[in-house]
1. Place a +1 charge on the Cβ of each Lys and Arg in the stretch 117-262 and a -1 charge on the Cβ of each Asp and Glu, then give the dipole magnitude about the Cα centre in debye, rounded to the nearest 20.
2. Rounded if a/c is under 1.5, else prolate if a/b beats b/c, else oblate: with a ≥ b ≥ c from the C-alpha gyration tensor eigenvalues square-rooted, which is the stretch 1-151?
3. Place +1 on the Cβ of every Lys and Arg and -1 on the Cβ of every Asp and Glu in the stretch 165-282, take the dipole about the Cα centre, and give the residue among Ile185, Pro175, Ile250 whose Cα lies farthest towards its positive end.
4. What is the extension gain from Asn535 to Lys319, computed as 0.36 nm multiplied by their sequence separation minus the C-alpha to C-alpha distance, in nm to one decimal?
5. Kindly flag which residue pairs out of Lys463/Lys603; Lys6/Lys148; Lys37/Lys319 have an alpha-carbon separation exceeding 29 Å in this structure.
6. Given the whole protein assembly as supplied and a 1.4 Å probe, what does the accessible area of Ile66 come to in Å², nearest 10?
7. Report the extension gain between Gln607 and Asp289 in nm, rounded to one decimal, defined as 0.36 nm multiplied by the number of residues separating them, less their alpha carbon distance.
8. What are the equivalent ellipsoid semi-axes of the stretch 102-232, built from the alpha-carbon gyration tensor (square roots of five times its eigenvalues), in whole angstrom, biggest first?
Amino acid sequence: MHAQEKKSNLYMFQFSFMYGDVIYLPYSLGMLWAYAKTFQRITDKIKNNAFTIIREDPDRIVEQIIDPDIVAFSTYVWNFEMSLAVAKLIKRKHPECLVVFGGPQIPNTDRLGDFFLKYPFIDIVVHGEGEITFSEILLAYANDSDYKDIAGITHRGNSTDDRPRTKDLSIFPSPYLTGVFDDLIKLPYTYHTIWETDRGCPYRCTFCDWGSLTGQKMYQFSEDRVYAELELFAQMKIAYVFMGNANFGIYPRDVEIAQRAVDINIKYNGYPQKIRANFTKNSSSRVFDIAKLFNAHGLDKGITLSVQSLDEVTLKTIKRSNMKFDTLSSFVQQYTKENIDTLIELIIGLPGETYSSFKSNLEDLLAIGAHNSIAIYNCTLLPNAPMSDTKYVKDNGIKTRPTPIMLSHASMNDPIQEYEETVVQTKTLSEEDIKQCVLMSWAVQAFHTLGLTQAMSICLYIKYNIAYTVFYEHLIKYAMQFPDTVMGQEYTAVREKVDNNFDATDTVPEYNTQEWILSEASCLRIHLQLDTFFNEIPAFLAFLQASIGMSVDDEFLADITTYQRAIIITCNNGTTEFTLNNPVHTIFHDGLANRSPNLHPIKNTLQISDPNNFDGDISRFATEIVHHGRRGGQALHYDVAVTY
């Protein structure tokens, strides 16, 4: 009787950040292995020992790897440095081990440059879709063959022909339905999942690698598959499903998929709890129908309107065409009317943008009612995005700098810093211009979107036509001139972060250990000294009037300040009652809804009862109001009893 032949040991890595005890199942690795398992030659000769997803000390990770023959890393901007650190140690300890890297972080063959000189411990990189290519690598290894005939790879500096994309996605088994993750889900973590119903993107926005990586063509997974996966998620009690599509809502069948998600949620008593979709770029009535359906059943994570810029020169430069502004305005009002949370995305540092045009973007969005829903990101260069093309970089005067990656709300005690290539200068934006855009974004998000001065600025906009960006530019100027104030302390802290390599996150240890974007961190710190902050507001309002040469009725200013302080949700319970001489509540809500308000003074009494029952629990307050609630305007009391 012959002894059983020893299998070669395969280890697979897709490092992810933790959010408390929550982590994503490694969908990319799952897809690779689910397809590889369809080849008996691979399963006869190669044993997949483990999926490693937890970020910890690289030395500790490598200590747990026994006799590796092949190691495979799925990489993107949030795990590339960790993957490099582990791979380098593995190669040093096991020099005969085959090291394979793939994922969107791997440059296309025409952009590899000195990649293999920088990372000599990597043997093979996979370009583009990986399922077929990775299986061919494993088959070649199992058969002791070379890799020269495998399309879509570079082996120690030698690139092969590009691999065409797979049109028939049915050849790829589902890692969820085939049990690929069965061992992983036994570990003591709460898992989120990635869910694909189609692949590809028909657009070629220069800042994004989605369209370039998928060649603009779109292909669909079968409805039987996507429905079965979703039902399995419900059975597993998966709370959060992130859709890996680039344009959900682009196909008519997407409405049917959304309805099936609702049906499954009802059948399984609320699971999955939330589904986050990347909706198709130019939002349509179909997207509105899906968002309305999800919202009615509590499934939605809100609707994202990815405008990125409203400036025509910028949009032309980045090869993007948005919906018309009037259409965007009507959509925002539609979603507001249906109580559907929205998130409108802008990007700082796009080629063609100026500080003036960026400021206009903010003013226009606030003017149409996007008060609770603006999210702003720094422009970064991804390896395979059109914006990273050498000629495009030169033509647009783009300069970049490696900056610490922005990972808001991740639990941070990590041994390896990840970086992203952030745009710090273009032909139309100096580095200081970009910093001013960042600071304006911080002010609008910290003080307006998160509610600290939102009612005041809306009321001043409506009654005195003080532009929103004028209000927040002068808030910044006041903070600069008076650094000992609460505003001044926050400005100083944020400016230091921005000057220190555009660091975009901060911690607030009084609440928890996670990372917060700068505006959230400022808001949380101000909440710790809210009374002091509001004691300083009259001085800021006097500064604003003097700076713009306008006189505002003192009684009106006192009323909007009192009202603003009263409607801010805090972690302390209780009922508040107060009297005003102006109909501030009506003005504020008419402003939110873009209605013509009644501005005539009238005495009114307001009563606010806090339904949140935080009982001083600042950690829960931070999570529910600032983290989960910022998109839906949860920072303020809107249900206010008013008597005249």
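1. On the way: 14 positive and 21 negative charges, 87 e Å.
Once rounded to the nearest 20, the dipole reads 420 debye.
2. Numbers: a/c = 1.43, a/b = 1.19, b/c = 1.20.
Because its axes are fairly even, with a/c under 1.5, the stretch 1-151 counts as rounded.
3. Looking along the dipole axis, the top candidate is Ile250.
4. Working: separation 216, 0.36 × 216 = 77.76 nm, distance 4.77 nm.
Computed gain between Asn535 and Lys319 is 73.0 nm.
5. Values: Lys463/Lys603 17 Å; Lys6/Lys148 26 Å; Lys37/Lys319 41 Å.
Exceeds cut-off: Lys37/Lys319.
6. The value for Ile66 is about 100 Å².
7. Here the segment from Gln607 to Asp289 would lengthen by 110.9 nm.
8. Details: eigenvalues 156, 83, 50 Å².
The answer is 28, 20, 16 Å, longest axis first.
The values are calculated or read from the model by the stated rules, or taken from the named source; none is laboratory data. Just so you know, these numbers come straight off a predicted model, no measurement behind them. All Cβ positions, glycine included, derive from the backbone under ideal geometry; neighbour counts span all protein chains shown. Keep in mind that these areas ignore ligands, DNA and RNA; they rest on the heavy atoms of the full protein, side chains included. Shrake-Rupley method; radii C 1.70, N 1.55, O 1.52, S 1.80 Å.
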